[in-house]
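Enquirer: Pasting in a structure now, in structure tokens, and then I'll have a few things to ask.
The values are calculated or read from the model by the stated rules, or taken from the named source; none is laboratory data. Bear in mind that the values here come from a model prediction, so they are computed numbers and not experimental data. Cβ placement follows ideal geometry from the backbone for every residue including glycine, while neighbour counts extend to all protein chains displayed.
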Amino acid sequence: MDRSSGSGFGSKLNYGSGFFHSRLKIPGKDSAGVITAFYLSSQDNYGHDELDLEFLGNTEGKPITLQTNVFVDGVGGREQRIYLWFDPTSHFHTYKILWNPFQIVFYVEDIPIRVLKNNRNVGIGYPSHPMQMQASLWNGDWATDGGRTKINWAFAPFKANFQEFDISGCPSQTSNIDPECYSSNYWWNTNEYWNLNSTQQRQYEKCSCSGGDDDSYTDTDISFDQNYYDQCGNDHACRFGSKQYYGSGFFHTRLKIPGRDSAGVVTAFYLMSENNGGNDELDFEFLGSREGKPIVEDIPVRVFRNRRNVGIGYPSHPMQIQASLWDGSDWATDGGRTKINWAYAPFTQDLLTKI
């Protein structure tokens, strides 16, 4: 890809189910704004279905983000993002998409990173149109830092490398999927591929959590003090977040809030979207004080109903789970009249997090 053109290729046939894979090496150097995509896509005149693996380029030295997305009848907005456990620019790695009547699974090096079950019976869309296997390299002005970091054309042309572009699929050339493509005569439709096996399930759970060695929990301490806050940031803040973004879910953590004199210290546990899509955010914020306040467990303290039908906004963008500890002296305690007493620093919170 250069300033005047992108590039891509695709299969000659459309398919109604199958197992699709390729080996890719993503553009290296400074690839901010460059998107390398390996995906399935229907013809627009059929009603658009799409299954995406998109590698979002970054400035040199920063990690490449892998984004998956699903479109059904032209409706997307199901983005999920992860950081890979290897550098996808240095060597070839294998990426696969399984699509059958029971589930869609995205794989990286045979490890499932995302699973979408067929839940049409409860009104959740699932691809129903034949799709073509495609690959492309293109200019995504939104891809890096929410669109703030653009392509550095001094590094053009950008090159992605593909090997072993392979399809095990059921050809289907009509507007709707040929019923034969759902047959168990195709190995990818047999019951072995209806669900993840036990090994894959363990891999998936480990890959989907926010980090650490345990399959479910991450035990994390974050702290800051007045003199050494640069360990986390230059704004008297320390934070961490999930690697993935989510479109729905149940998110929880166990927290121990800073004790002693914590006036002006804000401890937060929240969901937040990227700003480039319009910012959605759901916050728990614990406002420090000279006096301790009780923590409520397992008791609903606030309920917000979805009332879009009467024009009341409701979150619509994928959000990342985050936790942070930061200086809120200007507003958090007594309306900002009571400031942080740095003699008690560093302030520390302890978390056990589960997604």
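Enquirer: When the residues of the stretch 129-142 are filtered to those that are over 30 Å from Ser17 (Cβ atoms) and of a type outside the set (Phe, Trp, Tyr), which remaining residue is surrounded by the fewest Cβ atoms within 10 Å (Cβ to Cβ)? Steps first, answer last, please.
Expert: The initial filter retains those residues of the stretch 129-142 that are over 30 Å from Ser17 (Cβ atoms), namely 139, 141-142.
Now narrow it down to the ones that are of a type outside the set (Phe, Trp, Tyr): 139, 141.
Details: Asn139: 18, Asp141: 12.
Top of the filtered list is Asp141.
Enquirer: Considering the stretch 241-255 alone, what residues qualify as being farther than 18 Å from Gly77 by Cβ and surrounded by 15 or more Cβ atoms within 10 Å (Cβ to Cβ)?
Expert: Gly241, Ser242, Lys243, Phe251, Thr253, Leu255
Enquirer: Quick one: count up the residues across the stretch 15-31 that are assigned to a loop (DSSP other than H, G, I, E, B), over 21 Å from Val108 (Cα atoms) and in contact with a Ser or Thr (Cβ under 6 Å, 6 or more places away or on another chain).
Expert: Number of matching residues: 1.
Enquirer: How many of the residues in the stretch 30-50 are hydrophobic (A, V, I, L, M, F, W, C), within 14 Å of Asp73 (Cα to Cα) and out of contact with any Pro (no Cβ under 9 Å at 6 or more places or on another chain)?
Expert: So the answer is 0.
Enquirer: Could you list all residues from the stretch 180-208 that are surrounded by fewer than 16 Cβ atoms within 10 Å (Cβ to Cβ), among the aromatic types (Phe, Trp, Tyr) and under 28 Å from the mean Cα position of the chain (by Cα)?
Expert: Hit for the stretch 180-208 is Trp194, nothing else.
Enquirer: Between Asn69, Asn45, which is at pLDDT below 90 and of a type in the set (S, T, N, Q)?
Expert: Asn45
Enquirer: Quick test for you: out of Tyr39, Tyr83, pick the one residue that is touching a residue at least 60 places away in the same chain (Cβ under 8 Å), out of contact with any helix residue (DSSP H, G or I) (no Cβ under 8 Å at 6 or more places or on another chain), surrounded by fewer than 18 Cβ atoms within 10 Å (Cβ to Cβ) and of a type in the set (Phe, Trp, Tyr).
Expert: When all the criteria are applied, what remains is Tyr83.
Enquirer: Additional query: Quick check on my filter: what residues within the stretch 155-179 are over 23 Å from Leu24 (Cα atoms), modelled with pLDDT of 90 or more and surrounded by fewer than 14 Cβ atoms within 10 Å (Cβ to Cβ)?
Expert: If the condition is that a residue be over 23 Å from Leu24 (Cα atoms), modelled with pLDDT of 90 or more and surrounded by fewer than 14 Cβ atoms within 10 Å (Cβ to Cβ), then Pro179 is the only one that fits.
Enquirer: Could you look through the stretch 4-27, keep only residues that are of a type in the set (Gly, Ala, Ser) and in contact with an Asp or Glu (Cβ under 8 Å, 6 or more places away or on another chain), and pick out the one that is surrounded by the fewest Cβ atoms within 10 Å (Cβ to Cβ)?
Expert: Only one residue fits best here, namely Ser22.
Enquirer: Follow-up question, since we're still on this one. Given the conditions (1) in contact with a Ser or Thr (Cβ under 9 Å, 6 or more places away or on another chain); (2) assigned to a loop (DSSP other than H, G, I, E, B); (3) within 29 Å of Glu109 (Cβ to Cβ); (4) at pLDDT 75 or above, which single one is not true for Ser262?
Expert: (3)
Enquirer: What are the pairs with Cβ atoms under 8 angstrom where one residue, in the stretch 193-204, is part of a loop (DSSP other than H, G, I, E, B) and the other, located anywhere, is β-branched (Val, Ile, Thr)? Sequence gap at least six, or different chains.
Expert: The qualifying pairs are Leu196/Val105; Leu196/Val115.
Enquirer: Given the criteria surrounded by 20 or more Cβ atoms within 10 Å (Cβ to Cβ), under 18 Å from the mean Cα position of the chain (by Cα) and either under 17 Å from His21 (Cβ atoms) or modelled with pLDDT under 95 (or both), does Pro112 qualify?
Expert: Here the answer is yes, as Pro112 does meet what is asked.
Enquirer: Checking Ser273 against (1) within 30 Å of Glu109 (Cα to Cα); (2) touching a strand residue (DSSP E or B) at 6+ places or on another chain (Cβ under 6 Å); (3) at pLDDT below 65; (4) small (Gly, Ala, Ser), which test does it fail?
Expert: Exception for Ser273: condition (3).
Enquirer: It is to be established whether one or more residues within the stretch 58-68 are crowded, with 17+ Cβ neighbours inside 10 Å and within 28 Å of Thr190 (Cβ to Cβ). Working first, answer last.
Expert: Quick first cut of the stretch 58-68, residues crowded, with 17+ Cβ neighbours inside 10 Å only: 58, 64-68.
Those still in the list that are within 28 Å of Thr190 (Cβ to Cβ) too: 68.
So far as the stretch 58-68 goes, yes, one or more of its residues are crowded, with 17+ Cβ neighbours inside 10 Å and within 28 Å of Thr190 (Cβ to Cβ).
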